[in-house]
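Every read-out reported here was derived from the displayed coordinates using simple, explicitly stated rules and does not represent laboratory data. Just so it is clear, the structure is predicted and the values come from calculations on it, not from any experiment. Note: ideal-geometry Cβ built from the backbone for every residue, glycine included; neighbour counts use all protein chains shown.
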Ligand SMILES: C[S@@+](CC[C@H](N)C(=O)[O-])C[C@H]1O[C@@H](n2cnc3c(N)ncnc32)[C@H](O)[C@@H]1O
C-alpha cells in the first residue's frame, strides 16, 4: 500500500456541483495524493489527471489497479495543450500549491519545522530557494519578498541576506530562519510563524506558481465543454486575486453577452469564494486558508 498523507480539501463542496450526474469527464490538473480524483472515480466518472510530481505518479499507478477510468500525465499543467488530449471536459479542477506528501518530504524542504537543504522546489524545475537566496541580487530579492511575501521591510531583509551570504553561503532552512530572526525585520507574525511570508515568497518564485496559473488560465477555455465547470482552490491571496480577476474579466452578464469580446465566458457560481466549514478546519488545519471559486462555461 502506497502511503498518502494528503487529505483532500472541500470535497463535499466540489462534489455538490456534479451530484446526480453520471459518466462525466473530469480533468484534475493537480492530482497530488489523488484524493479528489478518487472521489470522482468512485462515482463512476472518467478522470484525466495531471501532476508534475513523481510521488503522484506512483499514487496514480496504484489507483489504476482499482479503477480503469483514469489516465495520468506527469507534467506541468501549463503543458495542457501539448498532451494531445483530443477532448473537452465536463469538470476541470485546480487545487493549487503543494500536497502534504510534498510538505513532509525533507528533500523538498517546504517546512520551517524541520531542517533541510534549502530547496522548496516541488515541481522539478531549474530554480530553487538555494539559488534565489545565494545568487539573486539585492533588488531581485527585495522584489520577491515584497511581491510574493508582502513583507513591508523587504529592502532591509534583502540587504541583510546579501550581507550574511557574503560571509558564508546559506545552505539550510534552519540557517535561513536564524537569519530571518536576526534581520530586525518586523514580520506579520501574530497568527503565523514569523518565517511564513519569506518562505511563501521563495516557494512561489522557485516554482513559478503565479506564472503557471496565469498561463494555464489563458488556455483552459479550450478544454471546457459547454456548461462545464471550472473549479479552482487557492491557498493565498495572490493566487486568489488572479482567479477572481479571471472570472470577473470573462463573466457573462446576460445570456451570451460576453464581456471579453470572445465567444465564450463563465457564469460565476461563487460571487464570494466558498471556504471550508468550521468542522473541516478543525479536522484539517490546512483547509483554513482555502478559497474555492467556480465558474460555469458557456460558449
Ligand atoms: C494541493 S495538492 C493537490 C491535492 C489533490 N487535490 C488531492 O486531493 O490529493 C497540489 C498538487 O498540485 C501539483 N501542482 C502544483 N502546481 C502544478 C503545476 N504547475 N503543474 C503540475 N502540477 C502542479 C503539486 O505537485 C501537488 O501535487
If one takes the longest principal axis of the Cα atoms in the chain, at what angle in degrees, from 0 to 90 and to the nearest 10, does the Cα axis of helix 138-147 lie?
40 degrees
Can you compute log10 of I(q)/I(0) for segment 36-141 with the Debye formula, treating each Cα as one identical point scatterer, at q = 0.10 Å⁻¹?
-0.39
Once both axes come from the Cα atoms, what is the angle between helix 209-219 and the longest principal axis of the chain, in degrees from 0 to 90, rounded to 10?
20 degrees
Residue separation times 0.36 nm, minus the C-alpha to C-alpha distance between residue 134 and residue 117: what's the value?
4.8 nm
Relative contact order for segment 1-157, counting Cα pairs under 8 Å that sit 6 or more residues apart, in percent
19 percent
Given the C-alpha atoms of segment 153-299, compute the convex hull and give its volume per residue in Å³.
157 Å³
Take residue 168, project a point 7 Å from its Cα along the Cβ direction, then tell me which residues of segment 82-120 have their backbone nitrogen under 17 Å from it.
115-118
Considering only 252, 232, 204, give the residue with the highest GNM mean-square fluctuation for the chain, with springs between Cα atoms whenever their separation is below 10 Å.
252
Note down the relative contact order for the chain as a percent, whole number, built from C-alpha pairs under 8 angstrom at least six residues apart.
17 percent
Alpha carbon centroid spacing (whole Å) that separates segment 193-219 from segment 88-125
11 Å
Run the numbers for residue 54 and residue 249: contour at 0.36 nm per residue of separation, minus the present Cα-Cα distance, in nm.
66.7 nm
Length-normalised contact order of segment 147-297 in % [C-alpha pairs under 8 Å, at least 6 apart]
22 percent
A chain fully extended from residue 181 to residue 281 at 0.36 nm per residue, minus the present Cα-Cα distance, gains in nm 33.1 nm
Can you give me the C-alpha center-to-center distance between segment 1-74 and segment 161-183, rounded to a whole angstrom?
40 Å
Note: segment 128-207, point scatterers on Cα, Debye, no solvent; log10 I/I(0) at q = 0.10, 0.14, 0.20, 0.24 Å⁻¹ equals -0.18, -0.37, -0.80, -1.22
Jot down the per residue volume, in cubic angstrom and as a whole number, of the convex hull over the alpha-carbon atoms of segment 182-251.
113 Å³
Quick check: the angle from helix 173-182's long axis to the longest principal axis of the chain, C-alpha only, nearest 10 degrees?
60 degrees
Which value in deg cm²/dmol, rounded to the nearest 500, describes the helix-derived mean residue ellipticity at 222 nm for the chain, given -39,500 (n - 2.57) per DSSP H run of n ≥ 4 and division by the residue count?
-11000 deg cm²/dmol
Among beta bridges assigned by DSSP with both residues in the chain, the antiparallel ones amount in percent, to the nearest 5, to 40 percent
Which values, in whole Å and largest first, are the semi-axes of the equivalent ellipsoid of the chain obtained as the square root of 5 times each eigenvalue of the Cα gyration tensor?
35, 22, 17
Compactness of segment 35-91 as Cα Rg over 2.2 N^0.38 Å, two decimals:
1.10
